[in-house]
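Participant: One structure, pasted below without further comment.
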Amino acid sequence: MSEIEKGQVMTANRLRDGEVVFLTRAGVWAMAIDEAVLAQEPQAVAALEARAKEDEKATLVTGSYLFDAERVNGKIRASHIRERIRAQGPTVRLDLGKQAEGTAGSFAAVEG
Amino acid sequence: MYRYDEFDLSFVKQRTEQFRDQAERRLKGELTEDEFRPLRLMNGLYLQLHAYMLRIAIPYGTLSSKQMRRLAYIADKWDRGYGHFTTRQNIQYNWIKLEDTADILDALAEVEMHGIQTSGNCIRNVTTDHWAGAAADEIADPRPVGELLRQWSSLHPEFSFLPRKFKIAVTGAPNDRAAVKVHDIGLRLHKNDKGEIGWEVLVGGGQGRTPMIAVMVRDFLPEKELVPYLEAIMRVYNLYGRRDNKYKARIKILVHELGAEKFRSEVEAEYARHPAQTTEVDQKELARIAEYFALPQLEKLSRFAPHFEQSKLDNKEFARWARNNLAAHSTQGYTIVNISLKPEGGIPGDATGEQMRVMADLAERYSQDELRVSHAQNIVLPHVKLEDAFTIWQELRKHDLAAANYGLAGDIIACPGLDYCALATARSIPISQAISRKFADLDKQEKIGPLKINISGCINACGHHHVGHIGILGLDKKGEEFYQITLGGSSGDSASIGTILGPGFAGEEVPDAIEKILDTYVKLRQPGEEFLAAYRRLGPAPFKEALYAAA
Ligand code: SF4
């Protein structure tokens, strides 16, 4: 039996180069979705939002937002294909993006 | 060949310097994203799924070899070794860093290119026939008029803050390859019995959320009245256009809400109030611009090209490519080479830096140093001697650029979709690749005949699916990609918007659905009848039947 927890992940693009990043428990922005913190309580969500706002002001990231995700056996799976593609790279160029740089998530963009 | 005049060049340089300063201030936190966003969009820099994307205008789709080499250089130095040619005669780079952008814009300015004004509520770059100045069926090169309009609009304060973005297309040939009926304003050149030329003015066409075919407001406008007349149209639009609702702000909505008659009379009344005053200047300017576009000095050649004919006899593959990818040139002994950027299973419109350099070299050696980018996401060598075609083909083949599918089922138009685009609701490229593989057999493609398959990854319709003979629109249904198929669209002379056939399909079902549609067509067509004509004769019923009849 796999253990599934539902929650939200904070994402953004790094300001200087546009790289997709995810907010971690330590409050830093990681390249890999599996390092992201999954916020499950309203307070946790609010904390992520506050952190993201601050980091936008500090010009670390831009365009931050939350997306729905779940943790399956310790790995983060984004609910929507759009976020899974952001966490991997283009499905038509497997030689590019996170999937080619060792920072991909554990769940393929396209399932089944 | 087209060159910017000095005024433009200093303007572009100044804008690049401004952008460098703005980007630095943004990175230092002196500008907020809200302040910076419109500035970067004005320079063609978007934030997409994986990184920033830089969109660079290719005015009239016309490039010199030097410019194409510069595009290759940018791909290799600042991107991931490739670029994407779009349906709007732009090139997009998908992996751009904000901190590099000013340097890239500098590199572009050196070859007289830029990303200015490809976004925002202004008049976008004017588009024309990609065979302009070369096609055998052309009355006159439409690019000088396009350029006159661009200059007129790009700095016109009154037209920088329109209710919505605004697109103009111009064609100088009776066979419309510029899709003039699905632009905000479309202009089409005609010649009357006396041999005079005049412009047909079409207004209110468009794609996107609410696709519409333009209505004709003037059927034969003398050229010298063009600018003042278009000014009248713009003023009516600025006055009445709805700014309250983004989706209703396009001129097409105004035209269709007022009705063609009322709109026409409003424009005529406005035109009468401001009689043309500046036409003399325009005529002088037009003559000056026309020099930039003057047809290169082509040689007097014999109609018969023995080497070309012999190569076709000797080499079936070359003969097929020549049959499908060459088009008639206005000058005897010359041809137009269409390089398909649609290899089997490839990504429509993508070219590597290496491929760009190969095409640039070929253009320099064999096509008067000139290339064109078409809205079908292909590259054109506009002025090639027939006798050089075989040599060119051999070189193209070495670089995966010799797909002989121009204008056929494999020549699919597809927007970047959810693989790259932040606005997408579904992926388009994988659908295109799957269809391309399904119809890989060129004999089969030729048997089917001329066909336009267009795929968009969302309702914004960058893949022009509304005007595809077969249009495919990717949507999101509860988090799953699914695809709506339309039939009977066309952007040609008898333009039409495609009709939705029925319920959508999952991505993996689409290639089979397309095959069923085409099998039905092949079965029911009359001798020589192309897909679009057959669809118009038969209507949707037999195709619906083929797709949806109880399995
Ligand atoms: S049609 Fe939609 S998905 Fe495709 S490029 Fe345009 S905005 Fe993006």
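Participant: In whole angstrom, how long is each semi-axis of the equivalent ellipsoid of the range B:392-551, when you take the square root of 5 times every eigenvalue of its Cα gyration tensor and sort them from largest down?
Facilitator: 23, 22, 14
Participant: Given a Förster distance of 41 angstrom, what is the FRET efficiency for B:D193 paired with B:N460, based on the Cβ-Cβ distance and rounded to 0.05?
Facilitator: 0.45
Participant: How would chain B be classified by its alpha-carbon gyration tensor: rounded, prolate or oblate, with rounded meaning a/c under 1.5 and the a/b versus b/c comparison settling the rest?
Facilitator: It is rounded, given that a/c, with a ≥ b ≥ c, falls under 1.5.
Participant: In terms of the Cα gyration tensor, with a ≥ b ≥ c the square roots of its eigenvalues, is the range B:309-443 rounded because a/c is under 1.5, prolate because a/b exceeds b/c, or oblate?
Facilitator: Prolate.
Participant: Run the helix sum for the protein assembly as shown: -39,500 (n - 2.57) per DSSP H stretch of 4+ residues, divided by residue count, reported at 222 nm to the nearest 500 deg cm²/dmol.
Facilitator: -11000 deg cm²/dmol
Participant: Among B:R25, B:R218, what's the order by accessible area (1.4 angstrom probe), most exposed first?
Facilitator: B:R25, B:R218
Participant: Just to check I understand the Karplus step: with θ = phi - 60° and J = 6.51 cos²θ - 1.76 cosθ + 1.60, what whole-Hz values come out for the range B:305-321, glycine and proline as x?
Facilitator: 10, x, 5, 4, 5, 5, 4, 5, 5, 6, 10, 4, 5, 5, 4, 5, 4
Participant: Compare A:D95, A:D34, A:D55 in a GNM of chain A, Cα atoms joined below 10 Å, and give the one with the largest fluctuation.
Facilitator: Per the Cα network of chain A with a 10 Å cutoff, A:D95 tops the list.
Participant: Let me ask something else. Taking the Cα centre of the protein assembly as shown as the origin, how large is its charge dipole in debye, to the nearest 20, when only Lys and Arg (+1) and Asp and Glu (-1) carry charge on their Cβ atoms?
Facilitator: Magnitude of the dipole: close to 880 debye.
Participant: As an exercise, use a Förster radius of 30 Å and the Cβ-Cβ distance of B:L27 and A:L66 to find the FRET efficiency, rounded to the nearest 0.05.
Facilitator: E(calc), rounded to 0.05, equals 0.75.
Participant: Based on the alpha-carbon set only, what is the convex hull volume of chain A divided per residue, in Å³?
Facilitator: Roughly 97 Å³ of hull volume per residue.
Participant: At 7 Å along Cα-to-Cβ for each site, give me the label-to-label distance between A:S79 and A:K6 in nm.
Facilitator: 0.6 nm
Participant: Sum up the charges of everything whose Cβ sits under 14 Å from the Cβ of B:E17, counting Lys and Arg as +1 and Asp and Glu as -1, but leave B:E17 out.
Facilitator: -1
Participant: From the phi of every residue in the range B:346-351, what ³J(HN,Hα) in whole Hz does the Karplus formula 6.51 cos²θ - 1.76 cosθ + 1.60 yield, where θ is phi - 60° and glycine or proline is x?
Facilitator: The phi angles translate into x, 9, x, x, 7, 9 Hz.
Participant: Calculated FRET efficiency, B:E529 and B:K262, Cβ-Cβ r, R0 41 Å, to nearest 0.05?
Facilitator: So the FRET efficiency works out to roughly 0.55.
Participant: Which value does Rg/Rh take for the protein assembly as shown over its C-alpha atoms, Rh per Kirkwood?
Facilitator: 0.97
Participant: Multiply the residue separation of B:R536 and B:T210 by 0.36 nm, subtract the distance between their alpha-carbon atoms, and state the gained length in nm to one decimal.
Facilitator: Separation in residues times 0.36 nm, less the Cα-Cα distance, equals 115.2 nm.
Participant: Here is a follow-up. Relative contact order for chain B: what is it in percent, counting Cα pairs under 8 Å that are at least 6 residues apart?
Facilitator: Averaging sequence separation for qualifying contacts and normalising by length gives 13 percent for chain B.
The values are calculated or read from the model by the stated rules, or taken from the named source; none is laboratory data. Remember, it's a predicted structure, so these values are computed and weren't measured experimentally. All Cβ positions, even for glycine, are placed from backbone atoms using ideal geometry, and neighbour counts span all protein chains on display. With ligands, DNA and RNA removed, areas are computed over all heavy atoms of the protein, side chains included. Shrake-Rupley method; radii C 1.70, N 1.55, O 1.52, S 1.80 Å.
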